[in-house]
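K.L.:
This is the structure I have questions about; it appears just below.
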Amino acid sequence: MARLIRPGPLHLPFEWLVALRFLREGRMQTFLILAGVTGGVAVVIFLTQLINQLQGTIIDKVLGSQAHVVIKPLDDLTRRALPADAPVAATVQPRAQRLRPLDQWEAVARLAEATPNVVAVSPVASGPAFAIRGGANKSVALIGMIPEQYRRVVKMDDYMTQGRFDVSGTNALIGVDLAKDLGVGLGDKLRVLAADGRDETLTVTGLFDMGSRDINRRWVFITLKLAQTLLDLPGSVSNIDLTVTDIFVADQVAARLGNQTGLTVESWMLTNSGLLTALTNQSVSNNLIRTFVILIVALGISSVLVVSVVQKQKEIGILRAMGTSRQRILTVFLLQGGIVGAIGSVAGTALAFGLLHLFSHIYKAPDGSQLFSAQLDPMLALAACGLATAVGVAAAALPARRASRLDPVQAIRV
Amino acid sequence: MTPDTTATADAGAPILELRGIRKSYGIGTPVETEVLHGIDLTLGEHEFVALTGPSGSGKSTLLNLIGLLETPTQGALRIAGDETTVLDDAALTRLRGRAIGFVFQFHHLLPAFSALENVMMPAIIHQGIATDEATARAEELLAAVGLAGAGHKKPGELSGGMQQRVAIARALSTHPRLLLADEPTGNLDTKTADDIFELMRHFNREQGSACLIVTHDPRLAARCDRVIELVDGRLTA
Ligand SMILES: Nc1ncnc2c1ncn2[C@@H]1O[C@H](COP(=O)(O)OP(=O)(O)O)[C@@H](O)[C@H]1O
Ligand SMILES: [Mg+2]
C-alpha cells in the first residue's frame, strides 16, 4: 500500500504544530498582532539607532578636541592658606603671568595610568604667547605635548590637512586659520614670543583643522620640552589629559583621581554640563517612548490572545479530552506569543532599516553630508528581536494561563 | 435491583468499576444539586453496552466522570483496576489519553486540522510528535471508516456522517481499552446512524475496545450486549 506520508508541519512537536495552526487559522487577529509587533519593533530600533547616532555625532564633535578628564593644579586662591593676621594686601598680591605648574606630574601620570577605565594619559604644557610673522602679530596658545600620547587623547591624525601629527625640535603644527592669517605654509618660519621675552623661531611642518575657528586660530602644537622652556615650566606640565573607556564614567574617574591627588580633576561632563543634561533628557524621553511602545505592543498581543482563547475554548477542551495536559496548553499559547514576537521583530527590524535608509536620504546636515547613516547595529537588532520575543511570551502569559485552566467539560458540553 | 451484576465477569476482567458514585453541581451554593445519586456499574473488557435514559437524567455527566473529564463528589471509580479518584489532574490527563477514546454527539473535530491530522492527534499528543507509524495507523483507520481519500479535507468540507466517522477513527487511534460515545448518532439520519453504529460494533469486535454508548434509539440499544438505563440519576434495570 502506497503510504501518503508527507514531511512538513506534521512533523513538528505537538505544541509547535498546534500553536502555528492556531495562528494560521486566526488570520486577521494574527495579522493584527504581527503588524503591531512589527511597528513597535521598527519604532524602537529606528528611534534608538537615530538617537544613538545623533548623540554619537554630537559627542564626537564635542570630545573630538577635548580630553575626557583633565588633571590641573589646584586654584591658587583655594590652596594658599593665609595666616589669619596677614595683611589684606598680601592676598591680592598677584603672581603676574606666572603659570601654575603641576609638580611631580610623572607620579600623577603613573597614578592615572593605573586607574581603572583610563586608556590614555597625556601630559600637556600650555600657555599664552604671540606668533609673529613680518608685521602680523597674533595671540596664540602654545600646546606642548608628546605626540604619541596626545593623539590617543585627541584624534589629531584625523584633523591634519597637511603634514603628519608629529613634532620634534623646533617644529610646530598650526591651525589652518592661523596659517591663513599669517600667510604661512608648510616649511615656513614663525617666531613665537612668550612671557618675559622668551622666544623661539619655529618651522611649520603641518596644518590642522579641528572644526573650530577659535582653535584653528590659536593652537600651536610644539614639543613638550620646548613648551616647558618657553613657558618657564622647567620639568613640569600645566595639566594632564586622560581618555577613558566609557565617556560616561569620566566623572567617576575624575572624582577618584581628585580624591587621591588632591588636585583639580575635571571631567568633560562637568565642563559640558549643559550638553550632558540635553543628552540625558533625550535618553530619558527615548526610554519613555520605548517603554510605552513595548507596553502597548504587549497589551495588544495580550488582548488578541485573550480573545483567541475564548474563541478556541472548544478546541482546547477537545485537546484536553484527548489527553493534553494543562502545561502543554499553556505552552501552546506562550509559543503563539513568542512566535508572533519573533516574526514581528524580524519584520520590524527590516522596516526600521528601510526607514533609516529613507531618512538618511531625506534629512541631511546643512553642508549636505549625512546626519546619520543607514547602518543598523546588529547587536541592537538582535537585542530588539530577543526583547520582542520575550515580550511576546510574557504578554501571552495571562491568556495562556486562562487557556490552561479552562474546564474541558464546559467546552465540550453543547 | 441494580443493573450492575457480577455476571459480566465472563466477558473478561472489568475495565471499568464504579462504586457509589455521586456527583453534585454548585456545591456550597444555594443551587447545589445532586445529579447522580450513587451509581454502581461494572463494565467488562470487550463489552458493548448501551446507556439509555431520558434527557437530563445525567447520562453525559456519568460519561464525563468515566472519561475522567470530571471528578465525582463521592464514590470509587476504577479503570483497569486503578483507583482514579486519588489522582491529580496531570495523572488523570495521562490516563485519559492512554486508555480512553471519546466520540461526542457533535463530533468535536478540530477545524484547523485535516481529517488525517485529527485522527492522528491523540497519537501526536501521546508521543509528542507525529511519527510515520501514527500516520500509517491514521490512514488505515480512515480507510476502515470508509474515508480513504478524504484525509486531506478539513472537517468543514465533510458531511455530518463523515465527520462522525472521522471522530470514531480519532477515538480509536491510540487503541483505547475503553471507548465512550455520547449520542454519537444523535443528529444523523437513520441510515447514517446505522452505519456509524455498525462501525463501532466492528471495532469492538476487531480491536476489543469496550464500548459505552449513550443512545436514545431502542433499535440500536437492542443490538448491544447489554442495556442500562439511567433515570433521575439512578440506574434502573
Ligand atoms: N456544570 C453543571 N452545573 C450544574 N448543573 C449541571 C451541570 N452539568 C449538568 N448539569 C445538570 O445535570 C443534569 C444532568 O445533565 P446531563 O448529564 O447533561 O443529562 P443527559 O446527558 O442525560 O441529558 C441536568 O439537570 C443538567 O442541568
Ligand atoms: Mg447528554
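The values are calculated or read from the model by the stated rules, or taken from the named source; none is laboratory data. Everything numeric here is computed off the predicted structure, so don't read it as measured data. Note that we place each Cβ from the backbone using ideal geometry, even for glycine, and neighbour counts take in every protein chain shown.
K.L.:
Just to check your reading of the model, which residue among A:Ser345, A:Ser373, A:Ser360 is away from every other protein chain (no Cβ under 14 Å), over 29 Å from B:Val119 (Cβ atoms), assigned to a loop (DSSP other than H, G, I, E, B) and hydroxyl-bearing (Ser, Thr, Tyr)?
P.N.:
None of the other options fit; the residue is A:Ser373.
K.L.:
Shifting gears a bit: Filter region A:367-399 down to the residues that are touching a Phe, Trp or Tyr at 6+ places or on another chain (Cβ under 7 Å) and of a type outside the set (A, V, I, L, M, F, W, C) and list them by number.
P.N.:
Within region A:367-399, just A:Pro399 meets the criteria.
K.L.:
Residue check: is B:Val35 within 16 Å of ligand 2 (Cβ to nearest atom), within 14 Å of chain A (Cβ to nearest Cβ) and at pLDDT 95 or above?
P.N.:
Yes, satisfied.
K.L.:
Here's a follow-up. Is region A:316-332 home to any residue that is outside any loop (DSSP other than H, G, I, E, B), more than 14 Å from chain B (Cβ to nearest Cβ) and of a type in the set (A, V, I, L, M)?
P.N.:
no
K.L.:
Since A:Thr243 meets every condition but one in (1) part of a helix (DSSP H, G or I); (2) modelled with pLDDT of 90 or more; (3) within 29 Å of the chain's Cα centre (by Cα), which condition does it not meet?
P.N.:
With (1) part of a helix (DSSP H, G or I); (2) modelled with pLDDT of 90 or more; (3) within 29 Å of the chain's Cα centre (by Cα) applied to A:Thr243, the lone miss is (1).
K.L.:
Can you tell me how many residues within region B:204-235 are in a strand (DSSP E or B), β-branched (Val, Ile, Thr) and within 24 Å of B:Ile79 (Cβ to Cβ)?
P.N.:
Looking only at that region, the number is 4.
K.L.:
From the residues in region B:128-185 that are away from chain A (no Cβ under 11 Å) and hydroxyl-bearing (Ser, Thr, Tyr), which one is farthest from ligand 1 (Cβ to nearest atom)?
P.N.:
Once the filter is applied, the top-ranked residue is B:Ser159.
K.L.:
Assess whether A:Val310 counts as being closer than 22 Å to A:Trp16 by Cβ and surrounded by fewer than 19 Cβ atoms within 10 Å (Cβ to Cβ).
P.N.:
Answer is no for this residue.
K.L.:
I would also like to ask the following. From A:Ile296, A:Ile316, which residue is touching a residue at least 12 places away in the same chain (Cβ under 8 Å), of a type in the set (Val, Ile, Thr) and crowded, with 17+ Cβ neighbours inside 10 Å?
P.N.:
Just a single option satisfies the conditions, and that option is A:Ile316.
K.L.:
Out of the residues in region A:394-414 that are assigned to a helix (DSSP H, G or I) and within 14 Å of ligand 1 (Cβ to nearest atom), which is farthest from A:Gln313 (Cα to Cα)?
P.N.:
If we take residues in region A:394-414 being assigned to a helix (DSSP H, G or I) and within 14 Å of ligand 1 (Cβ to nearest atom), then A:Val409 is farthest from A:Gln313 (Cα to Cα).
K.L.:
Follow-up question, since we're still on this one. Need the failing condition index for A:Ala347 against (1) closer than 13 Å to A:Val37 by Cβ; (2) free of Cβ contacts under 8 Å to residues at least 60 places away in the same chain; (3) not β-branched (Val, Ile, Thr), just the number.
P.N.:
Against the list (1) closer than 13 Å to A:Val37 by Cβ; (2) free of Cβ contacts under 8 Å to residues at least 60 places away in the same chain; (3) not β-branched (Val, Ile, Thr), A:Ala347 comes up short only on (2).
K.L.:
Same structure, new question: In the set A:Val409, A:Val393, A:Val340, which member is within 14 Å of chain B (Cβ to nearest Cβ), surrounded by 17 or more Cβ atoms within 10 Å (Cβ to Cβ) and either on the phi > 0 side of the Ramachandran plot or in contact (Cβ under 8 Å) with a residue 40 or more places away in the chain (or both)?
P.N.:
On inspection, the qualifying residue turns out to be A:Val409.
K.L.:
Just the residues that are more than 16 Å from B:Ile124 (Cα to Cα) and within 14 Å of chain B (Cβ to nearest Cβ), please, taken from region A:293-315.
P.N.:
A:Ser308, A:Gln311, A:Lys312, A:Gln313, A:Lys314
K.L.:
Would you pick out the residues in region A:201-240 that are in contact (Cβ under 8 Å) with a residue 60 or more places away in the chain, among the polar types (S, T, N, Q) and part of a strand (DSSP E or B)?
P.N.:
Matches in region A:201-240: A:Thr223, A:Asn239.
K.L.:
Return the residues of region B:85-100 that are in a loop (DSSP other than H, G, I, E, B) and either within 16 Å of ligand 2 (Cβ to nearest atom) or within 14 Å of chain A (Cβ to nearest Cβ) (or both); say none if nothing qualifies.
P.N.:
Correct list: B:Leu87, B:Asp88.
K.L.:
Yes or no: B:Glu117 within 12 Å of chain A (Cβ to nearest Cβ) and not hydrophobic (A, V, I, L, M, F, W, C)?
P.N.:
Yes; evaluated as a whole, the condition is true for this residue.
K.L.:
Any idea how many residues of region A:137-152 are basic (Lys, Arg) and in a strand (DSSP E or B)?
P.N.:
Qualifying residue count for the region: 1.
K.L.:
Just need a number here: residues in region B:227-237 that are under 18 Å from B:Glu183 (Cβ atoms) and away from ligand 2 (no atom under 16 Å from the Cβ).
P.N.:
Total satisfying the criteria: 1.
K.L.:
Tally the residues that are assigned to a loop (DSSP other than H, G, I, E, B), within 18 Å of B:Thr236 (Cα to Cα) and more than 16 Å from ligand 1 (Cβ to nearest atom), restricting the search to region B:30-59.
P.N.:
The qualifying residues number 0.
K.L.:
What are the pairs, 6+ residues apart or on separate chains, where a residue within region B:30-51 that is hydroxyl-bearing (Ser, Thr, Tyr) has its Cβ under 9 Å from a residue that is within 16 Å of ligand 2 (Cβ to nearest atom)?
P.N.:
Close Cβ pairs (under 9 Å, with a partner that is within 16 Å of ligand 2 (Cβ to nearest atom)) amount to B:Thr33/B:Tyr25.
K.L.:
Please work out which residue is nearest to ligand 2 (Cβ to nearest atom), limiting yourself to region B:47-77 and to residues that are of a type in the set (A, V, I, L, M, F, W, C), away from chain A (no Cβ under 14 Å) and in contact with a helix residue (DSSP H, G or I) (Cβ under 8 Å, 6 or more places away or on another chain).
P.N.:
So the residue we want is B:Leu51.
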